[in-house]
Amino acid sequence: MKSMFASLFVSSLIFLGLSGCGSSPSEPVDNGTASADDTTVAPGAAADTEGETPQESATKQFRRDGITAEIATWEETLEFIAGQSGKVVVLDAWSTYCEPCIKEFPNLVALQKQYADQIVCISFNVNYIGLEDTPPESDSDEILDFLSQQKSELHNVISGTADEKFYEATDLGSIPAVFVYGTDGKLKKRFDNAELEFGEEGFTYKQHIIPLIEKMLAENAVK
């Protein structure tokens, strides 16, 4: 009899232990704060395997107030740029902790609105520093708050490439930085202030970037 009760007790403990694994950490928990227009979607993303490090690629999109941002690596973003044949592409590398970036960001949004049929503007956020416990989506709420406030209806990217790797790949010292690509997909000009090319105040859209864009568009018009 004691043996039977012991067996039942052990079986009960095993059942309770298994039932506690029913909700994996990767499953979203509804805390009552999400709305139909404040969501995270993962188109075509495979289920995470326990113990694996998340892929740093465009498997996640975030949406708020009609504004969408996606996680993509620098390489994936270059592929996107290559696919914009016939249009001038302006990529603004920024972060939420870069004051000059924040100050100039409204001009990027305005540029896209002004030349919507001729250019493609990309906001490329580099908040991600590559730590395993702070993946690219860690700052998504802060980033989306800012993008929503700015009404950034652009191609918004949250970099899945760690900032230092991005700097190495582009031979860039720091942000702010703006990359302008011609209609052939080739880099026409990179704006940064590593060598104080634009003085202590740095470059601005009004004084430096927009004049170049207008010149490029005028040249394209006569081809």
Among the candidates Lys189, Lys206, residue that is surrounded by 13 or more Cβ atoms within 10 Å (Cβ to Cβ), among the basic types (Lys, Arg) and at pLDDT 95 or above: Lys189
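Can Lys165 be described as over 25 Å from Leu111 (Cα atoms) and surrounded by fewer than 19 Cβ atoms within 10 Å (Cβ to Cβ)?
Values: over 25 Å from Leu111 (Cα atoms): yes; surrounded by fewer than 19 Cβ atoms within 10 Å (Cβ to Cβ): yes.
Judged against the criteria, Lys165 is a match.
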Pro135 vs. criteria over 30 Å from Ala221 (Cβ atoms) and surrounded by 16 or more Cβ atoms within 10 Å (Cβ to Cβ): yes
Within region 121-132, considering residues that are surrounded by 20 or more Cβ atoms within 10 Å (Cβ to Cβ) and among the aliphatic types (A, V, I, L, M), the one nearest to Ala221 (Cα to Cα): Ile122
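Against the definition (among the polar types (S, T, N, Q) and within 17 Å of Glu76 (Cα to Cα)), how does Ser159 come out, yes or no? So that I can check it myself, show each step before the final result.
Details: among the polar types (S, T, N, Q): yes; within 17 Å of Glu76 (Cα to Cα): yes.
So Ser159 passes the test.
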Every pair of residues 6+ apart whose Cβ atoms lie under 7 Å, when the first sits in region 182-195 and is under 13 Å from Ala93 (Cβ atoms) while the second is of a type in the set (Val, Ile, Thr) and assigned to a strand (DSSP E or B): Phe191/Val178
Filter result (of a type in the set (A, V, I, L, M), assigned to a loop (DSSP other than H, G, I, E, B) and under 11 Å from the mean Cα position of the chain (by Cα)) within region 113-149: Val126
Region 88-109, subset of a type in the set (Phe, Trp, Tyr) and surrounded by 15 or more Cβ atoms within 10 Å (Cβ to Cβ), residue nearest to Val126 (Cα to Cα): Trp94
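With under 17 Å from Phe80 (Cβ atoms) and either in a loop (DSSP other than H, G, I, E, B) or free of Cβ contacts under 8 Å to residues at least 12 places away in the same chain (or both) as the only criterion, which of Ser174, Ser152 stands out?
On the way: Ser174 fails: under 17 Å from Phe80 (Cβ atoms).
Exactly one of Ser174, Ser152 is under 17 Å from Phe80 (Cβ atoms) and either in a loop (DSSP other than H, G, I, E, B) or free of Cβ contacts under 8 Å to residues at least 12 places away in the same chain (or both), namely Ser152.
Can you tell me which residues in region 181-223 are part of a helix (DSSP H, G or I) and of a type in the set (D, E, K, R)?
Kept after step one, since they are part of a helix (DSSP H, G or I), are these residues of region 181-223: 205-221.
Result: Lys206, Glu214, Lys215, Glu219.
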Search result, residues across region 89-126 that are of a type in the set (Phe, Trp, Tyr) and in contact with a helix residue (DSSP H, G or I) (Cβ under 9 Å, 6 or more places away or on another chain): Trp94, Phe105, Tyr115, Phe124
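The values are calculated or read from the model by the stated rules, or taken from the named source; none is laboratory data. Being a predicted model, the structure only gives us computed values, none of them experimental. Glycine gets a Cβ as well: all are built from the backbone with ideal geometry, and neighbour counts include every protein chain shown.
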